[in-house]
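A.B. asks: Supplied in structure tokens, the structure appears directly below.
The values are calculated or read from the model by the stated rules, or taken from the named source; none is laboratory data. Just so you know, these numbers come straight off a predicted model, no measurement behind them. Here the Cβ positions follow ideal geometry from the backbone for every residue, glycine too, while neighbour counts run over all protein chains shown. What goes into the accessible areas is simple: the full protein's heavy atoms, side chains included, and nothing from ligands, DNA or RNA. Shrake-Rupley method; radii C 1.70, N 1.55, O 1.52, S 1.80 Å.
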Amino acid sequence: MYPRTLVLAFSCLAAAALAADPPAKKFELTIPNIMRGPGLVGYEPTAVRWSQDSTKVFFSWKQAADPTLKPFDTYVVNRDGSGLRKLTEDEARNIAPPAQGGDLSKDKKATVYTQSGDLYVMDHASGKARRITHTNDVETAPRFTRDSKRITFVRNNNLYLLSLDSPVIEQLTDIRPAGSPPPDPKKGTESQEFLKKEERDLLAIVKDRALRREEEEARRKKDNPRKPYILQGRQTVAGLQLTPDEKHVLAMIMEPAADAKTAIVPNFVSESAYTEDLQTRNKVGDVQARTRLAWIDVATGDWKWIEHGLLGEDKKERPAQFTGLPIWSEDGANAIFQVRASDNKDRWIFALDTATAKGRELFHEHDDAWVSGGGFGARGTIGFTDSNTVYFLSEKTGYAQLYSVPFNTTKAEPKPLTQGKFEVTDVDLSDDRKTFFLTTSEGSPYERHFYSMSVNGGARTKMTATPGNHAVTLSPDEKTIAEIHSYSNKPPELYIAGKQITDSPTAEFKSYKWIDPPIVEISARDGAKVPGRFYKPANYRPGGPAVIFVHGAGYLQNVHKWWSSYFREYMFHHYLLEQGFAVLDLDYRASAGYGRDWRTGIYRFMGGKDLDDQVDGAQWLIVNHGVDPKKIGIYGGSYGGFITLMALFTQPGVFSAGAALRPVTDWAHYNHPYTSNILNLPHKDPEAYRKSSPIYHAAGLKGSLLICHGMVDVNVHFQDSVRLVQKLIELGKEDWELAVYPVEDHGFAQPSSWTDEYKRIYKLFAKMAGKQP
């Protein structure tokens, strides 16, 4: 149990500093009103950070009435919830801790960070920031050295060392772009070298110039004997890190694929009045970039590649990617790095042998589908508790749990620190390195709470109580919680020690009685229990209509007890309720929050179990709530748009209408990182792609189809819908329409676009239900 007393007075009182709400204007539930978005529900406070003395909390926020494009303002409030105020731009720049984070010195007296490409140091005693560079070059990735007196930073793909006590800047690497002339030019041909020697011996002026040049080169080499590292081909530097002993630099080198092709998205509405091409991404299966780690000697410039030693069945080096720069123990003695197989089915944690620049395997995880999920990219999910103990998250037992392994072993069995059928999503380590602070779903998959636990595992102490989601930022003295908390029908707000600080929604929003959707479980055909949010009109009668909403992203959770990222859809579902529709929103197979098997249930067949769950949901509506089987619609965006297409193309008669928003229509045209996990590569597993891609099943269209797509979508390209439309034309299909949005990306930004889209969606479902649109 964590020994310090935590201030957790869970109250529901609004901060006294907030202005009282004006008299509430009655909210009219219309689609244009709903699609005001944050102009109605307010803006979520973000970038919560404490002053280093734990007396104040800073955060970014804006008012619902502020213009959409207006930047967020910086606010400050005292630890006890008093004194809330908006900072001026100068104050935000000079006294607020950096919103983007930074590096805290070992003595905790200062934080270094970048702003607009320059370096700043925040002195925590005075609470003021000092600018330490002012250049046309861009400085990035600043970090304090272990003595807290110097700073390393990256400029023009090289690592530099700056002393805070003097104006001296030392260059630690000499990395040069591809094509740079070699430091020692190659000799010419035999005849060329003969003529050069003759000219030097014949003419005194030539000899004098040569001698002066050679003397100058000798002086330069004496002052800086470091050899340059010349990048090859299209290599770029993705990251640089000075080792704690300051003798070596680790460089993450990105090697772009020479033959990869980048897809272009045309932007038709531009300031230039000309169509402009947006360079976006390549497609799954195309040649991918490679990441490698170089070990560079600071003094000499000598270098070598970090070796992971992984071999494939052919005894050749297994294609794999380094996932980041090494992580060092607090004392700087030991380091680890992670590697992920290019085929996505394995990940490793290696100990770095600094004497040989080779890896020693500490942990290996394999999944026949793909290794992913479980928050492995989340905050603090791997590190050292002490110099000889490594902690990490793994789905080893089917759920993302916390483990530890000794650093000085090879392939030792990991020690489970948490166990159970729940997910650990965030991990922080206390200042004394004796306690973990965890965010987990234990107790309920529909909530997230904050816990403390000994670094040795064991019982956890729950530190949050109110239902919902708790995104906690603990004070530096580890005594007080600042958190963004929300509930199903209450947008996110900032709380400190349980006291509400912000009040984001408009009075108009608060005047409406938004429901807390009950969570139901649908029995799927294979016996699984599929969670769902269910919206049912109070006066619903048998034979009424229903709509199933399909969330996007695939690996995302939308059935929970906190404010949904689909808040417009949440409000639209209230509109459907008022029009007499029941609504079901499922966390189908592939959704987040339910463990590895749920996540990988769609391996090699998207549109399989995930679509079966929607069909079983429709049957549940019919059997349990008397829904008319001929009046069930389905809609969703992105992955939800894909499922909608598969439903209308492959499940005839189940859904009478569907709205596919920004849908993937052919997975072979989507990106590599996401798609290759689930379907492998299209040229190696074409069957998986064909059975998972709607365009191959378009002949089966039955029911009314609406397709909506932003034309500057750089995620799911507008081309996806264009190709499907051509296929529908070739097939002679008629009951479909396409709505295009010329200025919208994957996530719409303009309220007018949202409004037009959802008016069309409602019109589709109203027609299906025999109602007036």
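A.B. asks: Give the carbon-plus-sulfur fraction of the accessible surface of the chain in %, rounded to a whole number; probe 1.4 Å, heavy atoms of protein chains only.
C.D. replies: Answer for the chain is 51 percent, counting heavy atoms of protein chains only.
A.B. asks: I've got another one for you. Would you mind estimating how fast segment 584-705 diffuses translationally, via Stokes-Einstein at 37 °C and 0.692 mPa s with the Kirkwood radius over Cα pairs, in µm²/s?
C.D. replies: It diffuses with D of about 223 µm²/s by this estimate.
A.B. asks: Then there is this: For segment 508-561 and segment 215-229, write down the distance between their C-alpha centroids in whole Å.
C.D. replies: For segment 508-561 versus segment 215-229, the Cα centre distance is 70 Å.
A.B. asks: Right, something else. Whole Å is fine, so just give me how far the alpha carbon centre of segment 637-713 lies from that of segment 30-100.
C.D. replies: Taking the Cα centre of segment 30-100 as reference, the centre of segment 637-713 is 39 Å away.
A.B. asks: Moving on. In whole Å, largest first, what are the principal axis extents of the Cα atoms in segment 498-653?
C.D. replies: So the extents along the principal axes, rounded to whole Å, are 47, 38, 25.
A.B. asks: Need one word for segment 403-517: rounded, prolate or oblate. Basis is the Cα gyration tensor (sqrt eigenvalues a ≥ b ≥ c); a/c below 1.5 gives rounded, then a/b vs b/c decides.
C.D. replies: prolate
A.B. asks: Report the relative contact order of the chain, percent, no decimals, based on alpha-carbon pairs under 8 angstrom and at least 6 residues apart.
C.D. replies: Values: 1715 pairs, mean separation 84.4, N = 773.
Relative contact order for the chain comes out at 11 percent.
A.B. asks: Just to confirm the number: angle between the C-alpha axis of helix 718-731 and the first principal axis of the chain, 0 to 90 degrees, nearest 10?
C.D. replies: Helix 718-731 sits at roughly 50 degrees to that axis.
A.B. asks: Further, regarding this structure: Need one word for segment 390-467: rounded, prolate or oblate. Basis is the Cα gyration tensor (sqrt eigenvalues a ≥ b ≥ c); a/c below 1.5 gives rounded, then a/b vs b/c decides.
C.D. replies: Oblate, since a/c reaches 1.5 and b/c is not below a/b.
A.B. asks: Leaving ligands, DNA and RNA out of it, rank Arg79, Arg226, Arg143, Arg541 by accessible area with a 1.4 Å probe, largest first. Kindly include the intermediate steps, with their values, before the conclusion.
C.D. replies: Numbers: Arg79 65, Arg226 35, Arg143 130, Arg541 185 Å².
So, going from the largest accessible area down, we get Arg541, Arg143, Arg79, Arg226.
A.B. asks: Solvent-accessible area of Leu681, probe 1.4 Å, all protein chains present, reported in Å² to the nearest ten, please.
C.D. replies: The accessible area of Leu681 comes to roughly 40 Å².
A.B. asks: Tell me the per residue accessible area of segment 188-239 using a 1.4 Å probe; a whole number in Å² is fine.
C.D. replies: With all protein chains present, segment 188-239 gives 84 Å² per residue.
A.B. asks: Hey, what D do you get for segment 304-353 in µm²/s if you plug the Kirkwood alpha-carbon radius into Stokes-Einstein at 4 °C and 1.567 mPa s?
C.D. replies: Details: Rh = 11.8 Å.
The Stokes-Einstein estimate is 109 µm²/s.
A.B. asks: Run the 1.4 Å probe and let me know the accessible area of Phe363, rounded to the nearest 10 Å².
C.D. replies: Taking all protein chains as shown, Phe363 has close to 10 Å².
A.B. asks: Hey, what angle do you get for helix 567-578 against the long axis of the chain, alpha-carbon based, 0 to 90 degrees rounded to 10?
C.D. replies: That helix lies at roughly 0 degrees to the long axis.
A.B. asks: Turning to a different aspect of this structure: Please list log₁₀ I(q)/I(0) at q = 0.06, 0.08, 0.12 Å⁻¹ for the chain, using the Debye equation with identical point scatterers on the alpha-carbon positions.
C.D. replies: Normalising to I(0) and taking log10 leaves -0.45, -0.79, -1.65.
A.B. asks: Going down the table (Lys702/Lys763; Lys86/Lys109; Lys86/Lys499; Lys536/Lys691; Lys106/Lys396), which pairs top 23 Å between alpha carbons?
C.D. replies: Lys86/Lys109; Lys536/Lys691; Lys106/Lys396
A.B. asks: Let me cross-check Thr755: its accessible surface, 1.4 Å probe, with only protein heavy atoms counted, in Å² to the nearest 10?
C.D. replies: Estimated to the nearest 10 Å², Thr755 gives 20 Å².
A.B. asks: Then there is this: Just to be sure I follow the definition: excluding the sites themselves, where is the longest run in the chain that has none of the GluC sites (Glu not before Pro) in a DSSP loop with at most 12 other Cβ atoms within 10 Å? Provide the component values of the computation, followed by the final result.
C.D. replies: Details: sites that count: Glu28, Glu271, Glu313, Glu734.
Longest site-free region, per DSSP loop and neighbour criteria: 314-733.
A.B. asks: Relative to the longest principal Cα axis of the chain, at what angle does helix 190-202 sit, 0 to 90 degrees, rounded to 10?
C.D. replies: 50
A.B. asks: Does segment 106-146 come out rounded, prolate or oblate by the C-alpha gyration tensor, with a ≥ b ≥ c the root eigenvalues, rounded set by a/c under 1.5 and, if not, prolate when a/b is larger than b/c and oblate if not?
C.D. replies: Here segment 106-146 falls in the oblate category.
A.B. asks: Further, regarding this structure: Taking only the C-alpha atoms, wrap a convex hull around segment 445-569 and report its volume per residue in Å³ as a whole number.
C.D. replies: Normalising the Cα hull of segment 445-569 by residue number yields 180 Å³.
A.B. asks: Over segment 515-614, give the accessible area per residue in Å² for a 1.4 Å probe, as an integer. All intermediate terms of the calculation are to be shown ahead of the outcome.
C.D. replies: Details: 3110 Å² over 100 residues.
On a per-residue basis, segment 515-614 sits at 31 Å².
A.B. asks: I want to verify the translational diffusion coefficient of segment 237-318 in µm²/s; compute it with Stokes-Einstein, Rh as the Kirkwood radius over Cα pairs, at 37 °C and 0.692 mPa s.
C.D. replies: This corresponds to a translational diffusion coefficient of 200 µm²/s.
A.B. asks: Say R0 is 35 Å: what FRET efficiency, to the nearest 0.05, do Asp53 and Asp353 get from their beta-carbon distance?
C.D. replies: The value I calculate is 0.30.
A.B. asks: What ³J(HN,Hα) values, in whole Hz, does the Karplus curve 6.51 cos²θ - 1.76 cosθ + 1.60 give for segment 533-549 when θ = phi - 60°, with x put for Gly and Pro?
C.D. replies: Result, rounded to whole Hz: 8, 10, 10, 10, x, 4, 9, 5, 10, x, x, x, x, 8, 10, 9, 9.
A.B. asks: Further question on the same structure: Excluding same-chain residues fewer than 8 positions from Lys221, which aspartates and glutamates have a Cα within less than 15 Å of its Cα?
C.D. replies: Asp174, Asp184, Asp302
A.B. asks: Could you tell me how many cubic angstrom of Cα convex hull volume segment 674-720 has per residue?
C.D. replies: Convex hull of Cα atoms, per residue: 100 Å³.
A.B. asks: If you take the beta carbon distance between Lys529 and Lys25 as r and set R0 to 35 Å, what does 1/(1 + (r/R0)^6) give as a FRET efficiency, to the nearest 0.05?
C.D. replies: For R0 = 35 Å, the calculated efficiency reads 0.25.
A.B. asks: Now for a different question. Label-point separation (nm) for Lys304 and Glu687, each offset 7 Å from Cα along Cα-to-Cβ?
C.D. replies: Output for this residue pair reads 4.6 nm.
A.B. asks: Given a 1.4 Å probe and heavy atoms of the protein chains only, how would you sort His573, His746, largest accessible area at the top?
C.D. replies: From most exposed to least exposed: His746, His573.
A.B. asks: Using R₀ = 60 Å, calculate the FRET efficiency as 1/(1 + (r/R₀)^6) where r is the Cβ-Cβ separation of Asn94 and Glu276; round to 0.05.
C.D. replies: Details: r = 38 Å, r/R0 = 0.64.
Calculated value: 0.95.
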